[in-house]
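These notes are about the structure you will find just below.
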Amino acid sequence: MKKAIRIGAIGAITALLAVMYVWFFVYNKPHQNFEMAKPEKVLSASQCFENFSKNNTPDDGKVLEIYGIPSSIETADSMVVVCFYFKKGMFGDEGIRCTLLPKFQKAASKLSTTDTVYIKGFCAGYNGTDVIFEKSSIINKDK
Amino acid sequence: MKNVLITIFIILFAMPSFGQRFITKTGKVSFYSDAPLEKIEAVNNTVNCAMDTQSGFFVVKILMRSFVFEKELMQEHFNEEYVESEKFPNAFFKGQVQNLKQINFKKEGIYPVTIAGQMTIHGKTQPVKATGTFAISKGAIIASGKFPIKISDYGISIPGAVVGKISENVEIHVHFNLKPLKQ
């Protein structure tokens, strides 16, 4: 009888731990920390845009690091977007648009459109106009 | 000389058919679905939208991977199992403002609008008619509206295990702050 209770208790605890594991690490697993993620590729912004616009080697769905001289720093609602433009089209300037993580929005005001900047982020893909980087961070190469 | 005159003639006659183009690249599209299993909500803040005030042409481009969900697992399922973002990375809408004559783009105010067109999601195209408003203020057009879609119309299937627990109908909300395109 005692043995049956012991087996039952172990079974119940195992089931509870399994449910807790699924709840915390599967169902409620946190979003990826893109600031800490290692980039799968480092390339120039112009090369990245060319890869997508010519459908050469698309890197969508990957964390990438790009570098180049930004064309503009745009703000919209609560977003700050670092833009690298290479051509004009139906939607005006076309190129790469990197939406910064809130943590880096203040630092964006110090970026100039004359110096090279390094940006790392999740490359969501190419919408036929621009290559979109989400959750981007500014990489400080002076460190 | 004859060719030059013909070209000038074509340009002069073609010009009035192009109005001012308004665009945004930070448009917001969100969707909401309430179901017994759980409510599903996601938002995309990097949507491209363009509109021509003369012709009423209205176009929207949505990158599917830019939708953000509260739960990472939902986001993964959305991209991998439902909309298959790798295979169909973009959704499109191309349409026309139906009541263009009732909108005075030079006068500030809120105008009700109806837009009809074709929407492509998951590689499938369906006709869509949406109602909403154009709020014209300070030289910008704020276009907002909502419309329902049925996900099975776009070839998106719900896995057998969760059929009945996830809603077939999804409500799409759009909000575009359109500004004049600087040439």
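The values are calculated or read from the model by the stated rules, or taken from the named source; none is laboratory data. These numbers come from a predicted model, not from an experiment. Neighbour counts are summed over all protein chains in view; Cβ atoms, including those assigned to glycine, are modelled from backbone coordinates with ideal geometry.
Looking at A:VAL19, is it of a type in the set (A, V, I, L, M), surrounded by fewer than 12 Cβ atoms within 10 Å (Cβ to Cβ) and within 13 Å of chain B (Cβ to nearest Cβ)? Considered against the rule, which asks whether it is of a type in the set (A, V, I, L, M), surrounded by fewer than 12 Cβ atoms within 10 Å (Cβ to Cβ) and within 13 Å of chain B (Cβ to nearest Cβ), A:VAL19 comes out as no. Please specify each residue of segment A:85-120 satisfying the condition of being at pLDDT 90 or above, farther than 20 Å from B:PRO180 by Cα and buried (at least 19 other Cβ atoms within 10 Å of the Cβ). Of everything in segment A:85-120, those that are at pLDDT 90 or above, farther than 20 Å from B:PRO180 by Cα and buried (at least 19 other Cβ atoms within 10 Å of the Cβ) turn out to be A:ILE96, A:CYS98, A:THR99, A:LEU100, A:PHE104, A:VAL117, A:ILE119, A:LYS120. Out of contact with any helix residue (DSSP H, G or I) (no Cβ under 7 Å at 6 or more places or on another chain), of a type outside the set (A, V, I, L, M, F, W, C) and without any contact (Cβ under 8 Å) to a residue 40 or more places away in the chain: is that true of B:GLY123 in this structure? Spelling it out, B:GLY123 is indeed out of contact with any helix residue (DSSP H, G or I) (no Cβ under 7 Å at 6 or more places or on another chain), of a type outside the set (A, V, I, L, M, F, W, C) and without any contact (Cβ under 8 Å) to a residue 40 or more places away in the chain.
Listed conditions (1) part of a loop (DSSP other than H, G, I, E, B); (2) more than 20 Å from the chain's Cα centre (by Cα) are all met by B:GLN75, apart from (1). Of the listed requirements (1) among the polar types (S, T, N, Q); (2) in contact (Cβ under 8 Å) with a residue 40 or more places away in the chain; (3) in a strand (DSSP E or B); (4) under 13 Å from B:THR46 (Cβ atoms), A:SER137 misses just one: (4). Of the residues making up segment A:33-67, those that are touching a strand residue (DSSP E or B) at 6+ places or on another chain (Cβ under 7 Å) and acidic (Asp, Glu) are A:GLU35, A:GLU40, A:ASP59, A:ASP60, A:GLU65.
B:VAL68: more than 9 Å from chain A (Cβ to nearest Cβ) and either in contact with an Asp or Glu (Cβ under 8 Å, 6 or more places away or on another chain) or under 15 Å from B:SER30 (Cβ atoms) (or both), yes or no? Considered against the rule, which asks whether it is more than 9 Å from chain A (Cβ to nearest Cβ) and either in contact with an Asp or Glu (Cβ under 8 Å, 6 or more places away or on another chain) or under 15 Å from B:SER30 (Cβ atoms) (or both), B:VAL68 comes out as no.
All conditions in (1) within 30 Å of A:PHE84 (Cα to Cα); (2) not assigned by TED's automatic domain parsing to the domain that holds A:PHE104 hold for A:ALA12, with the sole exception of (1).
Run down B:ILE158, B:ILE172 and say which single residue is more than 14 Å from chain A (Cβ to nearest Cβ), closer than 24 Å to B:VAL43 by Cβ, out of contact with any Gly (no Cβ under 8 Å at 6 or more places or on another chain) and not in a loop (DSSP other than H, G, I, E, B).
Answer to the check: B:ILE172.
For segment A:38-45, the criterion of a residue being under 30 Å from B:MET74 (Cβ atoms) and touching a residue at least 60 places away in the same chain (Cβ under 8 Å) is satisfied by at least one position.
Inside segment B:40-53, can you point out the residues that are over 20 Å from A:ASP93 (Cα atoms) and either of a type outside the set (S, T, N, Q) or facing chain A (nearest Cβ under 8 Å) (or both)? Of everything in segment B:40-53, those that are over 20 Å from A:ASP93 (Cα atoms) and either of a type outside the set (S, T, N, Q) or facing chain A (nearest Cβ under 8 Å) (or both) turn out to be B:ILE40, B:GLU41, B:ALA42, B:VAL43.
For the residues B:TYR82, B:TYR154, the requirement of being among the hydroxyl-bearing types (Ser, Thr, Tyr), touching a residue at least 60 places away in the same chain (Cβ under 8 Å) and under 27 Å from A:GLY61 (Cα atoms) singles out B:TYR82. Taken together, the residues in segment A:75-93 that are free of Cβ contacts under 8 Å to residues at least 40 places away in the same chain and more than 8 Å from every other protein chain (Cβ to nearest Cβ) amount to 9.
The sole residue among B:GLY56, B:GLY27 that is crowded, with 22+ Cβ neighbours inside 10 Å, modelled with pLDDT of 95 or more and more than 9 Å from chain A (Cβ to nearest Cβ) is B:GLY27.
For B:ASN177, indicate whether it is within 14 Å of chain A (Cβ to nearest Cβ), crowded, with 17+ Cβ neighbours inside 10 Å and in a strand (DSSP E or B). Taking the combined requirement at face value, the residue satisfies it.
All but one of (1) at pLDDT 90 or above; (2) surrounded by fewer than 16 Cβ atoms within 10 Å (Cβ to Cβ); (3) within 14 Å of chain A (Cβ to nearest Cβ) hold for B:ALA116; which doesn't? All conditions are met except number (3).
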